[in-house]
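This report refers to the structure that appears directly beneath it.
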Amino acid sequence: MHSGARIGFFLLLTPLVLWLALLIVIPHIDMFLVSMRERVGVRQYETSFANYLTFFTEPLYIRTFVRTAVMSVLATIITLLIAFPVSLYIAKIVRGRLQQVLFVLCLIPFYVSELVRTFGWMILLRETGLVSNLLQWTGLADQPVEMLYNDAAIMIGLVYTSMLFMVVPLVTTLESLDDSVIEAGYDLGGNGFSVLREIIIPHAAPGIVSGSIVVFMLSLGNYLTPTMLGGKDSLWFTEMIYNQFIVRFNWELGAAFGFMLLILSSVIVWSMLKLTRQSLEETMA
Amino acid sequence: MKKQTVMLTAVSLAVAGFVSAANAETLRLLTWGGYAPEDVIELFEAETGYTVEVTKSNNEEMIAKLRATGGGGFDLAQPSQDRITGPQLEFGIYKPIDMSKIDKGQFIQSMLEATMGNTTVEGEVYGVPHVWGTSGLVMNTAMAADTVKDYTDLCDPAVAGKVSYRLKRPTLIGFAFAMGMDPFAAYGDADAYSEMMSKVEAKLIDCKANVKTYWGGGDELMGLVRSGEVVASMAWDTGGWKLNADNPDITFVAPASGALGWIDTFVLPAKGQADDAAYAWINFVMRPEIAARITAAAGNFTASQGADAFAEDALKARYQASFPPEAVDNIKWYPPVPAGLEAIEGGVLDRVKAAQ
């Protein structure tokens with residue numbers, strides 16, 4: 001009986017260990033080793049920090065790195081600002097069937113792939129696209145307007161892509177908030193703003209933080225949206241990694257970039273948790 | 001228990017499926033879109049009994065894929081002739097071609113010899129030519145022909161916001177020629193090449209405000225030109241000819257400084273497992289009537305001797321309109337890219353992309 005339980009434990013542990021080791025730990029070790037190689041000649045490599053040095057001495061790479069981080073944080077904040085009222089409405093204001101319908105409506109865009117969704121935005125925003133034609137038809141613009149290929153287009157794409165990943169955790173945490181607590185807040189003389197600040201937001205904090213982490217990671221690691229919607233000014237760090245690996249055949253620098261991205265995202269998520277005084281256990285629970 | 005048996009059977013069947021997909025009867029072809037049309041594959045499979053699996057790609061991805069596996073996963077690949085010696089020296093991803101198994105008589109001799117010469121490493125030949133073409137300017141002649149005669153004219157204020165090009169190495173090379181320099185002559189001298197590229201970099205940064213977007217894929221460019229959002233672009237000849245069929249104003253124009261000529265080849269990946277099938281495919285598609293089918297699908301001419309006779313008249317007419325005899329003589333054929341040159345170009349391209 002006892003040994004049977006132990007076998008069961010190891011059997012259940014095996015997929016997890018295999019998953020972690022084969023798909024996460026070993027590839028990262030390999031990646032780290034590649035990033036420590038420096039090409040000194042044809043088929044000649046030396047161990048050195050040269051690739052990391054290149055990253056820190058070339059202002060372009062640092063700029064792209066910082067830009068990607070700032071844009072991702074901004075996308076996370078905008079997503080939160082849009083998703084919070086939506087979630088509050090779904091979780092607390094509508095009831096019954098309509099609640100489910102609204103929730104499914106948030107989900108529907110994710111039935112198609114990200115590529116198709118991004119193409120959809122391109123059709124809407126391009127110079128000969130729907131929005132431009134509509135503006136001309138209503139007389140608000142007297143010539144075609146180009147709304148694609150700029151940072152605003154990237155931002156729209158990122159927020160749209162990650163909306164669902166903010167709405168789901170928010171709705172879940174908000175639903176667990178007892179209505180009587182909100183009523184008690186009003187009974188004790190609170191107004192809409194103070195109830196939101198003192199009761200709803202503190203209760204929703206774990207949902208806000210976990211949603212923000214997911215949205216931030218998705219934006220930071222997004223390749224498709226910035227490349228397709230950003231055009232000639234799309235500078236995104238994942239694109240640089242792709243370029244180093246595929247176009248330049250420079251795996252060594254690409255691997256170093258990959259590691260820098262890993263460090264960056266870990267640091268930002270860690271400081272986000274510290275700042276909001278949330279722990280990872282609470283957030284993921 | 002019964003469930004387990006079913007599972008086991010399913011797994012072993014799946015494994016068997018993977019194994020049989022890689023046996024010697026299958027030719028795994030890594031190629032460009034249009035180079036292996038369905039009808040040609042059917043004819044080949046019916047005649048030889050081999051099965052053909054096609055993966056579509058481009059130069060950089062082909063080399064990256066083969067590098068990742070050390071030259072495995074595919075039995076035949078089709079990179080351009082200038083991208084063979086460099087990657088071979090650096091990564092060793094190809095194996096030599098046994099010329100005795102190739103039916104040399106089917107090739108245009110001058111092209112075969114030039115490609116063999118350009119793909120020779122340590123006395124071994126690594127590539128034979130297949131499809132060739134050029135890159136130059138695709139434009140709406142009604143709207144841009146007066147302004148745009150050469151690559152650098154894409155920076156003219158008259159076409160501001162209505163031009164496009166790729167942010168890739170052909171653009172750097174094309175601009176260098178249009179600016180009166182000869183980048184191919186500087187291939188062997190890294191310092192001279194860097195200096196030349198920094199001039200091109202300044203020009204491209206200067207030109208950036210004029211560009212609508214840097215196109216990435218052929219379909220994206222087609223959309224931009226067809227909708228009229230872009231009136232002139234640096235692109236492949238076939239792109240212009242395809243659009244010409246829809247809109248007679250749009251066509252391919254060889255730039256004043258010369259179109260850039262490329263030849264896509266056949267190479268054998270180092271760990272290819274179906275060399276016989278690969279040789280059979282090469283000899284099959286170089287037959288004039290088969291080569292003409294590939295020309296019809298890809299829009300480019302092949303190195304097959306006598307295939308011109310089978311080509312469509314419309315395509316021939318477009319070719320002759322784009323290439324008067326002096327423009328053919330002016331084509332700049334890419335010489336082999338020395339290993340390490342990409343790093344210089346990569347830095348330039350990154351800085352252009354980042355410039356405001």
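Residues of region B:95-109 with backbone nitrogen within less than 15 Å of a virtual label 7 Å along the Cα-to-Cβ line of B:ASP276, please, listed as ranges.
B:101
Relative contact order of chain A, please, whole-number percent, based on alpha carbon pairs below 8 angstrom and at least 6 residues apart. Before the final figure, lay out the partial values.
Working: 272 pairs, mean separation 68.3, N = 285.
Result for chain A is 24 percent.
Mind giving me the nanometre distance, one decimal, between the label points for B:ALA202 and B:GLU53, set 7 Å out from Cα along Cα→Cβ?
It works out to 5.2 nm between the two label points.
Tell me, what is a quarter of the convex hull surface for the C-alpha atoms of chain A, in nm² with one decimal? Please list the in-between numbers first.
Details: hull surface 95.8 nm².
It is 24.0 nm².
Let me have the 222 nm mean residue ellipticity of chain A computed from DSSP H runs of 4+ only, each contributing -39500 (n - 2.57), with the sum over all residues rounded to the nearest 500. Show your work: numbers first, answer last.
Details: 15 runs with 197 residues, N = 285.
One gets -22000 deg cm²/dmol as the mean residue ellipticity at 222 nm.
If the reach is capped at under 27 angstrom between alpha carbons, list the lysines near B:LYS65, excluding any in the same chain fewer than eight residues apart.
Partners within reach: A:LYS232, B:LYS56, B:LYS95, B:LYS101, B:LYS168, B:LYS271, B:LYS353.
Grab the beta carbon distance between B:ALA158 and B:ILE331, set R0 = 25 Å, and tell me the FRET efficiency rounded to 0.05. Walk me through the numbers on the way to the answer.
Details: r = 27 Å, r/R0 = 1.09.
Step by step, r from the Cβ atoms, then E = 0.35.
Rounded to whole Å, give me the distance from the Cα center of region B:61-75 to that of region A:71-95.
Rounded to whole Å, the Cα centres lie 45 Å apart.
Measure off 7 Å from each Cα along the Cα-to-Cβ vector at A:ASP30 and B:PHE310, then give the distance between these two points in nanometres to one decimal.
4.3 nm
With runs of 4+ DSSP H residues as the only contributors, calculate the mean residue ellipticity of chain B at 222 nm using -39,500 (n - 2.57) per run, divided by the residue total and rounded to the nearest 500. List each step's numbers first, then the result.
Numbers: 15 runs with 161 residues, N = 356.
-13500 deg cm²/dmol, from helical runs alone.
In whole angstrom, how far apart do the alpha carbon centroids of region A:96-122 and region A:203-246 sit?
Cα centroid of region A:96-122 versus Cα centroid of region A:203-246: 20 Å apart.
Which FRET efficiency value, to the nearest 0.05, is calculated for A:LEU53 and B:MET179 with the Förster distance at 30 angstrom and r the Cβ-Cβ distance? Could the numbers behind the result be given before it?
On the way: r = 33 Å, r/R0 = 1.09.
Once the sixth-power term is evaluated, E becomes 0.35.
Between A:VAL112 and B:ALA297, what's the calculated FRET efficiency when r is the beta-carbon distance and R0 is 30 Å? Round to 0.05. Don't jump to the answer; show the numbers that get you there.
Values: r = 30 Å, r/R0 = 0.99.
Efficiency computed from Cβ-Cβ geometry: 0.50.
Obtain the radius of gyration and the Kirkwood radius of the protein assembly as shown from its C-alpha atoms and give Rg over Rh.
Using Cα coordinates only, the ratio equals 1.02.
Ignoring GluC sites (Glu not before Pro) that are buried or in helix or strand per DSSP, and keeping those with at most 15 other beta carbon atoms within 10 Å, what is the longest stretch of chain B between them?
Answer from the scan: B:123-311.
Give me the one-decimal nm value for the distance between modelled label points at B:ALA317 and B:THR141, 7 Å along each residue's Cα-to-Cβ direction.
Going by the 7 Å Cα→Cβ label model, 1.2 nm.
For Cα pairs less than 8 Å apart in space and 6+ apart in sequence, what is the mean separation divided by the residue count of chain B, i.e. the relative contact order in percent?
Working: 609 pairs, mean separation 98.2, N = 356.
Normalised by residue count, the contact order of chain B is 28 percent.
Every number here is computed from the coordinates shown, using simple stated rules; none is lab data. The model shown is predicted, which means the values in this text are computed figures rather than measured ones. Here the Cβ is made from the backbone with ideal geometry for all residues, glycine too, and neighbour counts use every protein chain on show.
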